[in-house]
Structure formats: C-alpha cells, structure tokens
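The structure appears below as structure tokens.
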Amino acid sequence: MVMKAAWVACVAALVGGGLAVRALGADAPAETGVQKQSSENLKKVLIAGVMYANEHFDKWPAKLDELVGGDLLNDKSVLVDPADPKKRAWVYHPWTPEQQNKLDSGTTPVVWSPIDDPKADRHVGFLDGHVEVVHGKADLDKLVAAAEAAAKK
C-alpha cells in the first residue's frame, strides 16, 4: 500500500530525529511555552496515530481516546491542547484508507487546535505526520475543504 510506506517512512523519521514542525511564514515568532507544549502534545498524538494506522491497515482510530494505553500513548493529557483557553481536546478528522489514497498526505489535516478565535494561530497535524502553525481559522477551513473535496473524487 502506498500509504503504508508513507507511514513507515514517517515513523522512521520520528525515531531518527523527531517530527518536523514547520511554521507558515518565514518571519513567524518563536513559540511560547504553552505553544511549544501544544506542538509537543500534537506530535505525540500524531506519532500514536501513525503507529495505530500502520497496525490497522492504514485506518486511524474512530476516536483519539483509542490511542491511550498499550504502547501508543501513556498519558491522556496529551489529547488536550494546552494552548486552547478552554483546555479542550484536539479536533480530529479521521480519513478512511480509501479517502487517504485520494489525498495528498502532506496537505491533509487530521488533528488541530480547537481554538475559537478565528484570527488565532493554531497547530495542525497532517496525515503525513508533520505539524504546522496555521494562521487563522479561514486558512484551516480552506485546507479541510480542499481535502474533503479531493476525498470525494
């Protein structure tokens, strides 16, 4: 499977040097302590999601809670975005293996910050395992809409 090879490569990269964090915009400010913790939590969730999918024929769990326990996630607190003022769980959009085959994993969001402020930066985890800071809800909505449209083709 094409996606399985991508998952294996992603997990290998994670083991070798950590998950890439890319900020959109060359002049993005350094992350604060809370933002950094948010990014770290999201990385852990993505690593667990990639490992889960690799063991389940590219299928991500129905709910992120399924990642807790066993060898995937030991700490349920990483399922919460510390950068969210309301301390809510990550927003999760599981893609089926059939949809994943139609999607560009590098541009397909799978987990993101639940922040309400439409102008606020938010951490977004992508299907290929990388994390980006997306500037505002409108930009996130465009990414999700593009992926949903591609998945329907």
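The values are calculated or read from the model by the stated rules, or taken from the named source; none is laboratory data. This one's a predicted model, so the numbers in the text were calculated from it and none came from an experiment. FYI the Cβ positions are ideal-geometry reconstructions off the backbone, even for glycines, and counts take in every protein chain you see.
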Among the residues of region 103-117, the number that are surrounded by 13 or more Cβ atoms within 10 Å (Cβ to Cβ) and over 15 Å from V144 (Cβ atoms) is 0
field: Filter result for A89 (farther than 19 Å from L143 by Cα, at pLDDT below 95 and of a type in the set (A, V, I, L, M, F, W, C))
entry: no
Checked pairs for region 58-83, first assigned to a helix (DSSP H, G or I), second at pLDDT 90 or above and of a type in the set (S, T, N, Q), C-beta under 9 Å and 6 or more apart or across chains, list as S77/N41; V78/N41; L79/N41
(request) Answer yes or no as to whether D81 is more than 21 Å from Q37 (Cβ to Cβ) and of a type in the set (D, E). (result) no
Counted residues in region 104-142 being among the basic types (K, R) and either assigned to a strand (DSSP E or B) or touching a residue at least 24 places away in the same chain (Cβ under 8 Å) (or both) come to 1
